[in-house]
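Following: one structure in structure tokens, then a few remarks.
The values are calculated or read from the model by the stated rules, or taken from the named source; none is laboratory data. Remember, predicted model here, so these are calculated numbers, not experimental data. Here the Cβ positions follow ideal geometry from the backbone for every residue, glycine too, while neighbour counts run over all protein chains shown. Side chains included, ligands, DNA and RNA excluded: accessible areas come from the protein's heavy atoms. Shrake-Rupley method; radii C 1.70, N 1.55, O 1.52, S 1.80 Å.
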Amino acid sequence: VAIKKIDLQGLMMEDILTEIRVLRMNTSPQIVNYLDSYLIHEELWLVMEFMDGGTLYEAVEAFEMTEDEMGIVSREDIPFQNIGQVEEDAARKRKMSQDSQA
């Protein structure tokens with residue numbers, strides 16, 4: 001599992017509760033599953049399914065993706081080890097588009 005710790009100071013409790021409700025209802029294979037939550041002192045601990053391979057942000061930084069490529073990765077059920085292939089395919093499509101315009 002992975003634990004996301006959220007400092008509650010200054011946050012709207014209704015917004016937090018809404019986020020937890022949305023996480024509970026999630027059944028998409030593209031989103032990490034919510035398991036449980038705990039209030040520890042002034043922090044909310046969200047217990048989530050562990051996602052091997054890092055965050056989407058880390059993948060975007062590592063592969064320097066365009067906004068369109070980020071959208072593809074976030075919509076599709078693509079293991080992070082295959083993101084390099086997504087980037088190569090997108091680069092190939094951009095090259096073909098540039099060649100056809102020349």
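How charged is the neighbourhood of Asn33? Take every other residue with its Cβ under 11 Å from the Cβ of Asn33, and add Lys/Arg as +1 and Asp/Glu as -1. Cβ neighbours under 11 Å give a net charge of -1.
Summary of packing: across the peptides 20-28, 64-72, the per-residue average of other C-beta atoms within 10 Å ranks them, highest first, as 64-72, 20-28.
Other residues lying with their Cβ under 10 Å from the Cβ of Asp7 contribute a combined charge of -1, Lys and Arg counting +1, Asp and Glu -1. Net charge in the neighbourhood of Tyr57 (other residues with Cβ under 15 Å of its Cβ; Lys, Arg +1, Asp, Glu -1) is -4. Largest to smallest in accessible area, the residues Tyr34, Tyr57 fall in the order Tyr57, Tyr34 (1.4 Å probe, all protein chains included). Available extension along the chain between Ile40 and Asn26 is 2.6 nm, counting 0.36 nm per residue and deducting the alpha carbon span.
For segment 14-53, the solvent-accessible area with a 1.4 angstrom probe is 74 square angstrom per residue. Packing order of peptides 39-46, 10-17, highest average first: 39-46, 10-17 (average count of other Cβ atoms within 10 Å over each peptide's residues).
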